[in-house]
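One structure is given below, represented as structure tokens, and several questions about it will come after.
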Amino acid sequence: MRSDAIAVTGIGLVTPAGLTAQDNWAALCQGRSLAAHDPLLSGLPCDFSCQVPPFDAAALFGRSRARRLDRFGHFALIAARAAVIDSHLDPRSWNGERVGVVLGAASNSMQNYNSEFSQLLDGYPSRVSPLALPRSLPDTASGEVALDLGAKGPSFATAAACASGAVALSTARDLLRSGACDIVLAGGSESPLAPMTVACFAQMGAISRRRDQPHLACRPFDAARDGLVLGEGAAVLVLERPTAAKARRAPVKALLRGCGTTTDAHHPIAPHPTGDGAARALRIALKDSGCSPRDIGHINAHGTSTRHNDAAEAAALADVFGPDMPPVTASKSIIGHAIGAAGAIEAAYTILALQHQQVPPTANFAVQDGDHKLDIVSGASRPVTMDTAITCSFGFGGRNSAILLTTP
């Protein structure tokens, strides 16, 4: 393996499974979907989603900051603060000029756009909030985290569709390897649960129509799958060089050893049917880490529960791992698809699986279809002795990312 791995010393999670890493792990191991009817989506072809549990933003951030931010900004702040605490860092004493923030976001936030557009369309442009634009920009979350924690190094968003959070991790790794930063808070944050976003996914035929049984709607790799279920959330990881973590006696949770990023250059939305770009991303991550397919003890799949994406991903995994297929889980079956944050959330989940030496189950999996048979974990968590795992993220435009993680 390469010697220039990057240490993960802190994890912060905000998802439909909870506001702490402990709550998330417990929900994952239960293996039940958290999808439920969503009043904000009433009347749409899909009126259900996976929502983050309630929290008091004003109490956490103050009334002024809570009002000026959309939900994805709230999520990012909660996750970043938790990650920093988990890493035993103190922003009051670090050198902020050497601390960066890289957070993925697939789009601008649509949470408050309906009311703002209504003002404009009704002929009242003067009533449009001056906060409408700054609170919805993709880089708002990274900027607010930098402001909150005094991180004065590079701060920006990565946008690579549903691979955005994973690309943020690989970008942060490069900032550390280059010497541009000593610490990087990296991950993703997104809340796509707005009527316009849901309507768009429905019109593309990408979203499940199981309105009568939302908890059974998301079923990655299952023969009866009919589309994704939208979720929301954030994950922030604290990344630093292992020598720095050792010097301050920080708890190293995992090592980020390999990254692979490719593009299909095939179609604006659909993945390459053979999974060619996805397979190349996996092989690049393996080569980057110095690992072979046989070293991988677990795969956290992208697993959207859509017909074409699952088939392409299954083909890619079969191509790369063949008969040595490790156990596979698909976390979106439980928490839904958090779009730009998904890759970061699933990287955090992969670290938790390494720590607990368990692979959580895939919810709603019954019968696998296609020629490529994966070892899907379902029903209950599976104990696995492993020191290496990989997580996959793919997105519109044929963006593919693979992140390889190992135990310290």
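We did not get these values from a lab; they are worked out from the coordinates using the rules stated. This structure is a prediction, so every number in the text was calculated from the model and none was measured. Every residue, glycine among them, receives a Cβ derived from its backbone with ideal geometry; neighbour counts consider all protein chains shown.
Just rank Cys291, Cys218, Cys181, fewest to most, by other beta-carbon atoms within 10 angstrom.
Final ranking by Cβ density, sparse to dense: Cys291, Cys181, Cys218.
Oh, and also: Arrange Trp25, Trp94 by Cβ neighbour counts within 10 Å, fewest through most, would you?
Least to most surrounded, the residues fall as Trp94, Trp25.
In debye to the nearest 20, how big a dipole does segment 193-239 give about its Cα centre with +1 on each Lys and Arg Cβ and -1 on each Asp and Glu Cβ?
Charge dipole, segment 193-239, about its Cα centre: 100 debye, nearest 20.
Using unit Cβ charges (K, R positive; D, E negative) and no other charged atoms, how large, in debye to the nearest 20, is the dipole of the chain about its Cα centre?
Dipole of the chain, to the nearest 20 debye: 740 debye.
While we're looking at this one, here's another question. Kirkwood Rh, segment 6-247, all Cα pairs: how many Å?
Kirkwood radius, segment 6-247: 18.9 Å.
Which value, to two decimals, describes the C-alpha radius of gyration of segment 2-53 once divided by 2.2 N^0.38 Å?
1.64
Using DSSP H assignments, which helices in the chain have an axial alpha-carbon span of 15 Å or above and a mean Kyte-Doolittle hydropathy of 0.5 or higher?
Qualifying helices: 71-86, 342-356.
Have a look at Ala106, Gly150, Ala132 and report the one farthest towards the positive end of the charge dipole of segment 92-157, computed about the Cα centre with Cβ charges (Lys/Arg +1, Asp/Glu -1).
Value: Gly150.
Assign one of three labels to segment 90-175, namely rounded, prolate or oblate, based on the Cα gyration tensor with a ≥ b ≥ c the square roots of its eigenvalues; rounded applies when a/c is under 1.5, prolate when it is not and a/b is larger than b/c, and oblate otherwise.
Note, shape of segment 90-175 comes out oblate.
Which shape class applies to the chain: rounded if a/c is under 1.5, otherwise prolate when a/b exceeds b/c and oblate if not, where a ≥ b ≥ c are the square roots of the Cα gyration tensor eigenvalues?
Taking the square roots of the gyration eigenvalues as a ≥ b ≥ c, the chain is oblate.
Return Met386, Met204 ranked ascending by Cβ neighbour count within 10 Å, so the fewest neighbours appear first.
Taking fewest neighbouring Cβ atoms as first place, the list is Met204, Met386.
Given the DSSP H assignment, sum -39500 (n - 2.57) over each helix run of at least 4 residues in the chain and divide by its residue total; what's the result at 222 nm in deg cm²/dmol, nearest 500?
Mean residue ellipticity at 222 nm (helix-derived): -9500 deg cm²/dmol.
A follow-up question, please. Given C-alpha coordinates of segment 257-406, what is the ratio Rg to Rh with the Kirkwood estimate of Rh?
Using Cα coordinates only, the ratio equals 0.92.
Also, quick follow-up: Ratio of segment 168-283's C-alpha Rg to 2.2 N^0.38 Å, to two decimals?
That works out to 1.43 for segment 168-283.
Let me ask something else about it. Once Lys and Arg get +1 and Asp and Glu get -1 on their Cβ, which of Phe221, Pro251, Phe394 lies farthest toward the positive end of the dipole of the chain?
Toward the positive end, the furthest listed residue is Pro251.
Tell me, what does the Kirkwood hydrodynamic radius of segment 44-154 come to in angstroms if you use every pair of distinct C-alpha atoms?
Mean inverse Cα-Cα distance, inverted, gives 15.8 Å.
Relative to the Cα centre, what is the charge dipole magnitude of segment 13-167, using +1 at the beta carbon of each Lys and Arg, -1 at the beta carbon of each Asp and Glu, and rounding to the nearest 20 debye?
So the dipole magnitude of segment 13-167 works out to roughly 300 debye.
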